Amino acid sequence: MISFFPVLFMTAWNLVHISTGDDFIQLPPDLWLDPSSIHAESHGDTLQCRPGARGSIAGLLLYPVPEPGDTVYITADTLSVNAQNTAELNLQPAHSESMYEMNWRGIAGDPVPEGLFISGSKQLGVSIGSGGGITQGTELSIQGMLSPGITVDGRITDRNLPLGAASSEALSELDKVYMSLDGGSWNAEMGDLKWENNAPVGWSADPSGFHLGVSPLDSLSFTGGYGTTGSERHTAAFLTLEGVQGPYQFAPEGGVTPGSEQVYLDGELMTRGAGSDYTVEYSAGQITFNTGRLIVRDQRVDVSWYREGDGFRKNLYTGGMVVSPWESGSLAFKTFFRGDDVTVPLGFVMSREVEEILAAAGDDPLAAWIDGGTQVGDGNGSYTRDSLQIYHWAGPGQGDWSVEFQRPPEGPGDYLYDSTEGGYVWAGDSMGTHYPRRYLSIPASSGIITAELSGSSGAVESYALHSTFSESSGNLFNTQETTRQGTLSGGSVALRPWEKGPLLALEGRFVSSGFAPPEKLDRDSELLRWGLPAGWQGNDSYGLAGLHSSALSFVAGSRRFQTGGSSSIAEASFTGQTGLLVIDLSANGLFRNDAAALSQGKRGMISADLSVSTGFLTPFLTPSYTAESWPDSLSGALASLMTGVRLNSDQWHSEISAGGDIDRRWGVTHPEKTLRVLITGAGSAVNWNGSGSVAHSTGWYSEGASTSSDAIRISWSGRFGGTWIHTKYTAGGYISREMDIIYIWVGEGNGDYSYDPETGEYYADPSGDYKVSWVPGQGDTQVLEASLAGGFSWSDSSASTGIDGSFTFEASDPENRLLTYTTAGAFNAENPGSWTAAISPWITWDQGLISRFSLKLEGYDSVDQVSGSGIIRETRRLLELSPVLTPYENVLVEVSGWTSSSRQTIYADRRMAENGLSIDPVYLFSGGFEAGIELSGERRSEENLNISGTAWGIDPHSTVSSSGWSARLRFASTLVSSEDNVPSWLFDGMPAGWTIEPNLSVSRNLSEWLRLTVYYRGRKRPDSEWDQRGGMEGTVNF
C-alpha cells in the first residue's frame, strides 16, 4: 500500500527548560513540531516526550516527570504550517428553522483500503561498564488485513521491570508479545498467551508459545499449542480483620516478582499505588490497603503472583478436537500437560549434589534445600560462624560468610531478623522464622485428557457427560514413588417437563483418590458453599439437584469427602416485584459430619434485599441472619443490617447507608457489635470534577474494649478564571502491624544508600549499594492519619506573569483525631506527620536585560516513627532566586542563588546549612549550536559536628542540533574542600577532593521513525576507581 503525503519543510528547534516539577511544557500557539523528531534529555537520561494538551493549551508531556530545578533539553524539527495550534470555540444557540442540510455524498468517499496499520515505539540500549547491561522498551500495535480474508492483530509491550526492587510505585506491565492471525477457517496465536479452561476440570497458564485452530468442516475443529514459561503463578486467599489495613502476609517466603501480582477484594480488582488501593512490600510478600479504603471484617482477598527465580522452566502442551455429528450435540476431547524441564533450573545450578537432594526429598518440600551459607573470606561477608555451626551477624564487609536466609515452606525456623542489628540473629531451635537455607522447588509434571459429550434434545434443554483421566509425578527425579493416576467422571442435565414449567437441574461428579488436577479442583467460593476452608485439596465427589422458575429456585445436594465424611446443603431464593418494590430473598443451610480432618458442624443463613425504585431516589434495606455451630472454631449467631438511599441525576451519583453487625459467635476475633456508615458521591460539570467517600466503622467487645476505623477520600479539580486548582484528601483511622526498616544489598552502584563501617550507619548515596526495605515488627498499633495534597497554577492572559504552588500536609496522631483529620498535626513536631509547601511567582519580559525572574520558597518538615529505629525527623527550608538574563541577542545567562537550612535526626542529630550560587552563561550560535559554562559554589556546614566544606563546580557544556544530528557534551568538575575531615554524606556521597563527571551523547535521526544515540558517562571520585558506562540506544517510532 502506497500513500502520498504533502511535503513540509522542517527546521531545527531547541528548548532549554527549567523544570517546575510539572510534566507539562507549554508551546507557543504558532509552533508546530514533527512528533517523530521530538527528543528530550535530563541529566543525560532520555525522557519520553510527546505532544499533549492541558485544557486548550498545547504543549509537551514528559515522563518520568523531572524534579523541580532539573534542566531539560528538548530538540525537534518544526513544520512549516502557517496556522495556530489552538483555536477558540464560541458556541451560540442555533435556531431550529435554520438548520443546514449536509451533502453526505462528499463525506462517504472511497472505502478504507486494505493494509496493515502499525504504530508504536521501540527503544533499545546496550551499555558496558559499571551497572552496564541491556535496557529496552517497546510499544507496538499492528492491526489490519494481511491479505484478502486474513486479518492480523498484534501488540508488543516490553518495558524494563525493576526485578528485586522493593517498591510500590506504579510499575509497567510485564513483557508482552502477542500476535494473532485469523483466516476464517483457521486461526493462529503466537507470543505471550493466556490459556484457560473452566470445566469440567479447570486449568490456566500464561506461556510463551503458539496456539493453532483449524476448522476444515463446520462440524469439525482441531486445536493445539505449545508453550514454555519460567514462572508459575502462585495464589493465596485470606479474610480481613475489622479496621486492619495491613500489612497482610500473602507470600511468607517473599521473592515476589514486582508488578506481577493481581489483587481482588471481594471480587473487585484493585489498583496498586500509594494514591490508589494498596501498596506491596515485594521482598516480604506483604500487602497494605491504603488509608482511603476502609477494611471491614471478613472481606475476601485473593492474590496471585509470580516468584523470582522459581524452580524450573516449564513446558506446556494443549490439544483438542470437537466434532458435531448432529445439530444439537457435540463430542469434545481436550488434553493439557505441564511439566518441569529438569535441564533448565532457575536461580540455582543443577549439580550432582542437588540432584541427590531432590531425589531423596520425594514430594516433601521441607526436605528439598541446600545450605544458604557460603564462606567468602575475611572482610567479604556479613556473618561469622562459630563451632556450633551458628551464624552471627557482624555487619556488611565485617565477616567471612555470606548467608541467605529463607522461611521454610511451613513451620518455624531458628533465626529472627533484628532491625536494631541489621541482620538475622539466632533465636533458638524452632524459636524463629527463618533458616540459613535455600529451599528448592521439586520438579513435577501433570497431564490430563478429557472427553465430553454435550447437547440438547426435546424437553432436555442441556446435558453434558464427561470423563477425565490424569497422570502426575510429584518428583521427576523419583517418578517410581511419586507417580499416580486417577479419573474424574460426571455430568449435568437440565430438563423442562412441560412448556413454561419449572426447570429441573441435576449435576454430579465422582473422583478417584489418585486423580491429580492441574490446579485446584474447586474455586474457593465453591468450597465456601460446602463449608470447606480455602485451599481445600480433597478429591471429593458430590451430587446436586435443583428446581428453578422465574421467581423461585431450590437447590439441594451432598458432597462426599475423600478422607471420609460428608457435607449437605440446601438453598432457596425468591425474586419478585410489586409496584415500585423489588424483593430478593435467599436462604441456605449446611450440615457437615463424620469428616476425618474437619469437625462436625452446621450453618444456616437467611437474607433479603428490598428496594423501592422511584427514579431519582432508591431507598434500600438488606438484612441478613446467620447461625452456625463448629465445635473446633466458632458457634453462635451473626445478624447484619444495612439500609440507605441511592440518589442519581445527570451530574451526580451518590449513596448514603448505615448499618452494622451483632456477632454472638464465640471463637472469633471480631467485635461483638459493629456500626458502619457509608457516604459516597461523584459528579462533574463543565469546569469541575469531583468524587468522594466517607466510611466509618465502630466495634465494641464484650470485655469493654472498642475499635474505631474511618476512611475518607475526596478529590476535586476545576478552573476558576485563569486559575487551575486540584486537591486530594485522604484520611483514616485503623489498626496496622508495625514494620522494621532493613537495608538490602542490591549490587555495587545500584542502590540509594551506603554503609559507613566506622559509625555503623547507612547514609543516602545516589551511587550506593543498598536499598531500603521493610519486615514485620512486633505488635500492632492504632493508626490515625490524614493527607491533604494539592496545587494551583495561575497566569495572566498574556502568560507574562504567573504563580505556581503546591502543598502536602500529612498528619498521624492516634491520640488526637481533630488535629489529624484537619491535618493541623502536620505541624506538630511531637508526632508522626509532615508538610511540604512550595510557591513560585514568576514574571517574563519580551525586552530588556532580564527575560524571566522567578522566586521559589519551599519548606519541608517530616516526623516518622519506625519500629526498631525510633523517631526519624527531617526539616528543610529553601529560598531560591532564579533570574534569566539576556544581555545580548544570542546570549542567555541562567542565574540561581539559594540558601537553605535542614535538620536530620535518624541515628544522630544533623543540622545543615547550605548557601549556593550558580551562573550559567550560554551563547546561542546559528545553526543549532549553543555552548556555555556553569560556574557554581556551595557552602555546607553541620553545626553539631562543627564541620563545614565548600564545593566549587565548573561545568562546561555544549549542544548542537542540525540536519537530524544532535550532540551534548558536559564535563562537570567539583572540588570539595575543607580543613575538616569531610564525611561523604555532607555532599551527597562526594568526598573531599576533585570529583569529575564527563557526559557525552550523540544522537542521529536516521529517518522519520528511527533515532540512534551513542553515549558515555563517567564518574571519578577521589581515592576511587573510575565508574564508567557507555553504550548505544536506538528508538523507533511508528
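Quick rundown of the values:
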| read-out | value |
| --- | --- |
| Matching entry among Thr482, Thr487 (being assigned by TED's automatic domain parsing to the domain that holds Phe333, within 30 Å of Gln249 (Cβ to Cβ), in contact with a Ser or Thr (Cβ under 6 Å, 6 or more places away or on another chain) and among the β-branched types (Val, Ile, Thr)) | Thr482 |
| Residue tally, condition in a loop (DSSP other than H, G, I, E, B) and in contact with a Lys or Arg (Cβ under 8 Å, 6 or more places away or on another chain), over the stretch 188-201 | 1 |
| Qualifying position, being surrounded by 16 or more Cβ atoms within 10 Å (Cβ to Cβ) and without any contact (Cβ under 8 Å) to a residue 60 or more places away in the chain, among Thr487, Thr468, Thr483 | Thr483 |
| Residue that is under 30 Å from Asp661 (Cα atoms), acidic (Asp, Glu) and modelled with pLDDT of 80 or more, where the choices are Asp206, Asp266 | Asp266 |
| Pair list, Cβ under 6 Å, 6 or more apart: the stretch 916-928 residue at positive phi, other residue surrounded by fewer than 18 Cβ atoms within 10 Å (Cβ to Cβ) | Gly927/Ser962; Gly928/Ser962 |
| For Arg968: the one exception among (1) over 39 Å from the mean Cα position of the chain (by Cα); (2) touching a residue at least 60 places away in the same chain (Cβ under 8 Å) | (1) |
| Subset of the stretch 323-334 [buried (at least 17 other Cβ atoms within 10 Å of the Cβ) and hydrophobic (A, V, I, L, M, F, W, C)] | Ala332 |
| Selection within the stretch 287-311 - crowded, with 23+ Cβ neighbours inside 10 Å, at pLDDT below 85 and in a strand (DSSP E or B) | Trp305 |
| Scope the stretch 366-385; condition farther than 23 Å from Glu353 by Cα, of a type in the set (Gly, Ala, Ser) and either part of a strand (DSSP E or B) or in contact with a His (Cβ under 8 Å, 6 or more places away or on another chain) (or both); matching residues | Gly381 |
| Filtered residue count, the stretch 645-677, keeping only those that are assigned to a strand (DSSP E or B), in contact with a Leu (Cβ under 8 Å, 6 or more places away or on another chain) and among the aliphatic types (A, V, I, L, M) | 5 |
| Residue ID - farthest from Thr959 (Cα to Cα), chosen from residues in the stretch 897-926 that are polar (S, T, N, Q) and within 40 Å of the chain's Cα centre (by Cα) | Thr905 |
| Subset tally (residues that are of a type outside the set (S, T, N, Q) and more than 29 Å from Gly209 (Cβ to Cβ)) for the stretch 286-327 | 14 |
| Meets criteria (outside any loop (DSSP other than H, G, I, E, B) and at pLDDT 80 or above) for Asp846 | no |
| Selection status of Thr820, buried (at least 17 other Cβ atoms within 10 Å of the Cβ), β-branched (Val, Ile, Thr) and at pLDDT 90 or above | no |
| Complete set of residues in the stretch 684-723 that are under 27 Å from the mean Cα position of the chain (by Cα) and under 30 Å from Ser797 (Cβ atoms) | Asn689, Gly690, Ser715, Trp716, Ser717 |
| Residue in the stretch 385-415 that is nearest to His434 (Cα to Cα), counting only those that are crowded, with 16+ Cβ neighbours inside 10 Å and among the polar types (S, T, N, Q) | Gln406 |
| Positions within the stretch 229-275 being free of Cβ contacts under 8 Å to residues at least 40 places away in the same chain and in a loop (DSSP other than H, G, I, E, B), in sequence order | Asp266, Gly267, Met270, Thr271 |
| Options Asp418, Asp400: the member that is acidic (Asp, Glu), modelled with pLDDT of 90 or more and over 30 Å from Val344 (Cβ atoms) | Asp400 |
| Test: residue in the stretch 589-597 that is in a strand (DSSP E or B), without any contact (Cβ under 8 Å) to a residue 24 or more places away in the chain and loosely packed, with under 15 Cβ neighbours inside 10 Å | no |
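So that you can scan it fast, the table gives a plain yes or no per residue for (1) within 19 Å of Trp305 (Cα to Cα); (2) out of contact with any Pro (no Cβ under 7 Å at 6 or more places or on another chain); (3) of a type in the set (A, V, I, L, M, F, W, C):
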| residue | (1), (2), (3) |
| --- | --- |
| Gly191 | no, yes, no |
| Thr228 | yes, no, no |
| Leu241 | no, yes, yes |
| Gly246 | yes, yes, no |
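The values are calculated or read from the model by the stated rules, or taken from the named source; none is laboratory data. Because the structure is predicted, anything quoted here is derived from the model rather than measured. Here the Cβ is made from the backbone with ideal geometry for all residues, glycine too, and neighbour counts use every protein chain on show.
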